[in-house]
Amino acid sequence: MQTEKLLKELTDAVGPSGREDRAAQIILDFFSNGDGRCWISELRRDRLGNIILRKAGQGEHPPRIMLAAHIDEIGLIVTALEDGFIRFSTIGGIDQRVLLGQEVIVHGREDLPGVIGAKPPHLQQADERNKAVKIEDMTIDLGLAPERMAALVRVGDPITIKRSCGTLKNSFYAGKAMDDRAGVVALVECLRRLKDYNHEAEVLVVITVQEELGVRGAFVSSYGLNPDIGLAVDVTHGEMPGLADYEGFKLGQGPVIVTGPPVHPLIFDKLKAAAEAGKVKYQVEAAETPRGTDAYAIQIAQAGVASGLVCIPLRYMHTSVETLALDDLKETGRLLAEFIMQIDRAFLEGLECY
Amino acid sequence: MKDLLRRLTSIPAPSGREEQIRAFIQAELKDYCDELTVDTMGNLIAFKRGGKTKLQFAAHMDEIGVIVTAIDEQGFLRFSNVGGIRPHRLYAQRVRFQNGTMGVIGAEKIDDLKQLTLEKLYIDIGATSAEEAKTKVAVGDIASFDHGYLDLGQRVVAKALDDRVGCAVLIEALKRVTKPQNDLYCTFTVQEEVGLRGAKTAAFGLDPDLGIALDVTATGDTPEAPKLAMKLGQGAAIKVKDVSLITHPQVKELLTTLAEQNGIPHQFEVLPFGGTDAGAIHLTKAGIPAGVISVPCRYLHSPSEMVDLNDVEAAVRLVVATMEHPITL
């Protein structure tokens, strides 16, 4: 499957945190029946739903590298049914200001199309016009009578934004859930590149769940795998009007290699060296906090893991029009493959003496 | 059940000082399980043999409280919170220290309720000097609310129903269960109110196949309440999400099916704030599927928490049904 097609298919798929099954199925199919079948040695899922794709290394004790990207997306959840309308809360960090007027799908006993309504401007009081509506005051309309709704929808049913991934000019893609299905696609790209190479390291690609709720899938998968090195692949903010230079990264200028609290200095250096060796154009970001990506969980798993973080620039994060450049995603895959090719036993020994 | 709730809620056990409540539950359960152990953190684990699957239940023994930070020259005590406490719920309350010393909470003069912070409050134990106060209380001593149990018929009111009602449900279920189909590890956890700490180490030590927490949840059935679906008297609440957990789909399905098959009144719960022991359990080691059976409770984290006995009974029945169902995940 082509990269573009996989990105579109994955980002259109439903998979809010905790209910990632439908999006995960695309990856499971791709690696058990599709092109990816021959690229890996083993596929399994852990008890919380993380998908683990293993590609064997060489020798008796190969360095073990975990690469993580999360497949869950932010969403909404039914909190109460009220006179034929749905009250809801969030799954992950939803910006309530971008919700009004959105089309949604309520995943009840069947998928139900709905809209998030808004009070008409004609009927707003003067003091309402300049204020953002709070999520507690919003409702979803399914067009269903209360009795019928009660039969189809229950408290706790997940809700996702309805949005089909679109193409802009210049191979820019805009859609929901690019955060972090773009990272997932980059990992698929990485495995595609590695299929023709022998590398010393054992590769453990983990498609994680529940990242948006506090990097939960990464906590348990990194404990279970206990790798020598762990890289998280996620998105970072793309440049746009209103951001300072250091806040936004350029689209189309390559992956962003992150340094700072969640990153081991030698892994940061090695990622830059790999980029230079492979002639991958890259950008550098200084992380302000250790939290926020799977790297945080991986770093402190068991007795500690040498961790790194590579990000794809993305505009309008946590909206349904997250926008990125396809080239960045492909180049991220290439950078990760280059990095893996460079990791050997000697590098690991260097980490141990750090 | 009323008598058990009355006795459980009358015992002071703020987080970190669960000795008295643990001794009470130990005595209550000694004839109803195969083994009773206490781990390093102080969690009480009642084990009952039943089958291959390791099933952990968790109800927390601790309650919110206050801890003395300083004693001033006049013998007034300054304090900090142990667990989630709102200042306006403390003013004019009575507190009881572990050694039995009683006190009332007073406030400095303020012009506006918004200025009411913990720093403006103090505990008055009736001492006339620092010297006298220090004969009764020391910096670091922890106290809990002292508020009587109230029987309102179908509903009861007490302090610390969060989570003595969970403890009561688990105790009663252990007494009622006749044919357990899973190995049951009924854990009465410590330090939940300060960050799910007891459950975290208990689950790491046990490494169960499935974890179920028993706790309270908020309701939306009072005047101008937050828009929540949970109501008193509508049955046991099967949690779908709170801040600490999104329930494993198979666990939600299991509890829902058991409730439906056994005709147990139940409701679904989404709580946009708060967390329970299940949050700690599910992230233990390489991951443990987990869920929560909640008892809806009004006036949470106040000295007058209210539950409905129909909901308590429904929760007991759902726990027993889970214990007696051979679980494979």
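The values are calculated or read from the model by the stated rules, or taken from the named source; none is laboratory data. Note that the structure is predicted; figures quoted are calculated from it, not measured. Cβ atoms come from the backbone with ideal geometry, glycine included; neighbour counts cover every protein chain shown. Accessible surface is based on the protein model in full, side chains and every heavy atom, while ligands, DNA and RNA are left aside. Shrake-Rupley method; radii C 1.70, N 1.55, O 1.52, S 1.80 Å.
Using a simple spin-label model with pseudo-atoms 7 Å out from Cα toward Cβ, residue A:41 and residue B:111 lie 7.4 nm apart. Total buried accessible area between A and B, probe 1.4 Å, nearest 100: 2200 Å².
Provide Rg over Rh for region B:210-256; use the alpha carbon set for both Rg and the Kirkwood Rh (inverse mean inverse pair distance).
0.99
Please work out, to two decimal places, the log10 of the ratio I(q)/I(0) at q = 0.16 Å⁻¹ from a Debye calculation in which every Cα of region B:134-174 carries one identical scatterer. Evaluating at q = 0.16 Å⁻¹ gives log10 I(q)/I(0) of -0.61.
Values of log10 I(q)/I(0) for region B:15-156 across q = 0.10, 0.13 Å⁻¹ run -0.48, -0.72, by the Debye formula with one identical scatterer at each alpha carbon and no solvent. With the largest listed first and rounded to whole Å, the semi-axes of the equivalent ellipsoid of region A:309-354 from the Cα gyration tensor are 32, 13, 5. Here the spin labels are modelled as points 7 Å beyond Cα on the Cα-Cβ line, and at residue A:133 and residue A:281 they lie 4.3 nm apart. Other protein chain C-beta atoms within 10 Å of residue C-beta, averaged over B:266-274: 4. Per the Debye formula on identical point scatterers at the alpha carbon atoms of region B:65-145, with no solvent, log10 I(q)/I(0) at q = 0.11, 0.23 Å⁻¹ is -0.25, -1.07. The share of Cα pairs per 20 Å bin across chain B, counted from zero up to the longest distance, runs 33, 55, 12, 0 percent. Taking the square roots of five times each eigenvalue of the Cα gyration tensor of region A:158-275, the equivalent ellipsoid has semi-axes of 25, 20, 17 Å, listed largest first.
Computed on the Cα trace of region A:253-354, the radius of gyration divided by the Kirkwood hydrodynamic radius gives Rg/Rh = 0.99.
From other protein chains only, count the Cβ atoms within 10 Å of every residue's Cβ in A:34-47, then give the mean.
1
Across peptide A:149-162, the mean count of Cβ atoms from other chains lying within 10 Å of each residue's own Cβ comes to 3. How would region B:260-329 be classified by its alpha-carbon gyration tensor: rounded, prolate or oblate, with rounded meaning a/c under 1.5 and the a/b versus b/c comparison settling the rest? Because a/c hits 1.5 or more and a/b fails to exceed b/c, region B:260-329 counts as oblate.
Work out the P(r) tail for chain A: percent of alpha carbon pairs separated by more than 32 Å, whole number. Everything past 32 Å amounts to 32 percent. Peptides B:24-30, B:257-263, A:259-265, ordered by how many other C-beta atoms sit within 10 Å of their residues on average, highest first, read A:259-265, B:24-30, B:257-263.
Mind checking the full-extension length gain between residue A:151 and residue A:58? Use 0.36 nm per residue of separation minus the Cα-Cα distance, one decimal, nm.
Stretched fully, the residue A:151-residue A:58 segment lengthens by 27.9 nm.
Against the main long axis of the alpha-carbon atoms of chain A, helix A:21-32 sits at an angle near 30°.
Carbon-plus-sulfur accessible fraction, region A:190-267 (probe radius 1.4 Å, protein heavy atoms only): 46%.
Accessible surface computed residue by residue for chain B, with neighbouring protein chains in place and a 1.4 Å probe, gives 39 Å² per residue.
Looking at the P(r) of the protein assembly as shown, how many percent of alpha-carbon pairs lie beyond 40 Å? Mind dumping the intermediate values first?
On the way: 89760 of 232903 pairs.
Percent of Cα pairs beyond 40 Å in the protein assembly as shown: 39.
Let me know the shape class of region B:127-204, please: from the alpha-carbon gyration tensor, a ≥ b ≥ c as square roots of the eigenvalues, rounded when a/c is under 1.5, otherwise prolate if a/b is greater than b/c, or oblate. Because a/c hits 1.5 or more and a/b fails to exceed b/c, region B:127-204 counts as oblate.
Note on region A:75-161: Kirkwood radius taken over Cα pairs, Stokes-Einstein applied at 4 °C and 1.567 mPa s, translational D equal to 97 µm² s⁻¹. Computed from backbone phi with θ = phi - 60° and the Karplus coefficients 6.51, -1.76 and 1.60, the 3J(HN,Hα) list for region A:151-168 is 6, 9, 10, 10, 3, x, 5, x, 10, 10, 6, 8, 7, 9, 4, x, 9, 9 Hz; x is used for glycine and proline.
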